[in-house]
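Remarks on the structure that follows.
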Amino acid sequence: MIKYVKVDGSFDLTGRSAIVVGGAGGIGEATARMYAKKGAKVAIVDCKDTCDEIAQAVAEEYGVQTIGVKCDVTSQESVDAMMEAVVGAFGEVNILAAMPGFVDLYRATDIDIEIIEKHININAIGVFRVAKAVANQMIAQGNGGKIVCVTSQADFIAINKHVGYTMSKAALVGMIKVCALEWAEYGINVNGVAPTVVNTYMGEKAWQGKVKTDMIEKIPAHRFAETDEIAAAVLFLSCDESNMITGEDLVVDGGFTIY
Ligand SMILES: NC(=O)c1ccc[n+]([C@@H]2O[C@H](COP(=O)([O-])OP(=O)(O)OC[C@H]3O[C@@H](n4cnc5c(N)ncnc54)[C@H](O)[C@@H]3O)[C@@H](O)[C@H]2O)c1
């Protein structure tokens, strides 16, 4: 059962332990900072070398315990070691924000199968690997928890040259729904946040020049999203204010998928 907790709109996370996978990326760091501001202990997890540095900066700014753990979500050994490090440091895990991301754009007639597999291995199976490990930890703790995965507007609409990315994010949405169904009895919410283009490394890699200006024209808000706007949605799905929401994929797209 997912518990009813009386909420007051404060989105408080005091005393909770959170893992942010993709935490050295644009949306990940913004999420880690927002969690820390709301009082959570935060593990910055990413395959980049900068996890420790970001963890230290977040700890200094918000006065919460943090840890940086380098981890590749495509490796079970790496994810197991990450879980051991986080549980060792914090004692428990209450929140997972999973947003490791890979994109490489080709038309469907030209893309190599290896590139399709890489998308799926990182964006779908990699996220599942971490979600499964965290859910088992939460079930053992017996006090529920929150899992939020960053999906994409590509879940809802077809985007040119996004076949590998879209296949991976569609698989992720399927995972979110099944895990939400199976893990509700343990008090675990599983949701997605589906952004439009966000001003990050990945956003800039995929959207440049005319493709970028055409896209901005099509978004009713007439701009791309900023990282804090996505982090705010992730925060909402990570606190008690959203206890009655599970299996959802919350679109944050400035209206792009209205059509
Ligand atoms: N930026 C956008 O336009 C946009 C739009 C929709 C969805 N998203 C999604 O948002 C999430 C965050 O992306 P971002 O925009 O912050 O981009 P980003 O490139 O800044 O961050 C992605 C992070 O994932 C990490 N990562 C990649 N492979 C990994 C692996 N194997 N193991 C561990 N970490 C790995 C990268 O090192 C990077 O830090 C991604 O899942 C992405 O698909 C982004």
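Read-outs throughout are calculated quantities, based only on the coordinates presented, and are distinct from any laboratory measurement. Values in this document were obtained by computation on a predicted structure and should not be read as measured data. All Cβ positions, even for glycine, are placed from backbone atoms using ideal geometry, and neighbour counts span all protein chains on display.
Observations on the model:
- Sites residue 160 and residue 121 - FRET efficiency at Förster radius 22 Å, r taken between beta-carbons, to 0.05: 0.45
- Backbone phi angles across region 22-27, fed through the Karplus curve with coefficients 6.51, -1.76 and 1.60 (θ = phi - 60°), yield HN-Hα couplings of x, x, 9, x, x, 5 Hz in residue order; Gly and Pro are listed as x.
- Listed residue (179, 192, 162) projecting farthest to the positive dipole end of region 155-215, Cβ model: 162
- Stokes-Einstein diffusion of the chain at 25 °C, 0.890 mPa s viscosity, Kirkwood radius from Cα pairs, rounded to a whole number: 134 µm²/s.
- Packing-based exposure ordering (other Cβ within 10 Å, fewest first) of 213, 31, 227, 257: 213, 257, 227, 31
- Residue order, fewest to most surrounding Cβ atoms within 10 angstrom, among 71, 149: 71, 149
- A Förster radius of 25 Å combined with the Cβ-Cβ distance from residue 108 to residue 205 puts the calculated FRET efficiency at roughly 0.85.
- Couplings for region 170-185, taken from phi via the Karplus curve 6.51 cos²θ - 1.76 cosθ + 1.60 with θ = phi - 60°, read 5, 5, 5, 5, x, 4, 4, 5, 5, 5, 4, 5, 6, 9, 4, 5 Hz in order; Gly and Pro are left as x.
- Between residue 188 and 145, the built amide H atoms are under 5 Å apart, and every one of these is 5 or more places off in sequence or on another chain.
- The charge dipole of region 1-156, taken about its Cα centre with unit charges on the Cβ atoms of Lys, Arg (+1), Asp and Glu (-1) only, comes to about 760 debye.
- The trypsin sites (Lys or Arg not before Pro) of region 176-259 that DSSP puts in a loop, and whose beta carbon has at most 16 other beta carbons within 10 Å, are 223.
- Contact order for the chain, expressed relative to its length and based on alpha carbon pairs under 8 Å spaced 6+ residues apart, stands at 22 percent.
- Taking amide H as placed 1.01 Å from N in the peptide plane, the amide H of residue 69 sits under 5 Å from that of 44, 45, 46, each at least 5 places away or on another chain.
- Bridging of residue 70 to aspartates and glutamates at a Cα separation below 13 Å is possible for 46, 49, 52, 53, 80, 84, once same-chain residues fewer than 8 apart are set aside.
- Whole-number percent relative contact order across region 187-259, with pairs defined as alpha carbons under 8 Å at least 6 apart: 54
- The chain: angle of helix 76-90 to the longest principal axis, Cα-based, in degrees nearest 10: 40
- Gaussian network model of the chain, springs between alpha carbon atoms under 10 Å - residue of 21, 211, 64 with greatest fluctuation: 211
- Label zone of residue 143 (point 7 Å out along Cα→Cβ, amide N under 17 Å): in region 158-192 this covers 186-189.
- Extension gain, residue 185 to residue 259: 0.36 nm times the residue separation minus the Cα-Cα distance gives 23.0 nm.
- Cα-Cα over 21 Å, subset of 177/218; 48/118; 6/146: 177/218
- Residue-by-residue Karplus 3J(HN,Hα) for region 197-208, coefficients 6.51, -1.76, 1.60, Hz, glycine and proline x: 4, 10, 6, 9, 3, 5, x, 6, 5, 8, 10, 9
- Gaussian network model of the chain, Cα within-10 Å springs - most flexible of 230, 147, 157: 157
- Separation of the residue 232 and residue 56 label points, Cα + 7 Å toward Cβ, nm: 3.2
- Nonlocal amide H pairs with residue 19, under 5 Å, H built at 1.01 Å: 43, 95, 96, 97
- Counting neighbouring Cβ atoms within 10 Å and putting the fewest first, the residues 13, 181 line up as 181, 13.
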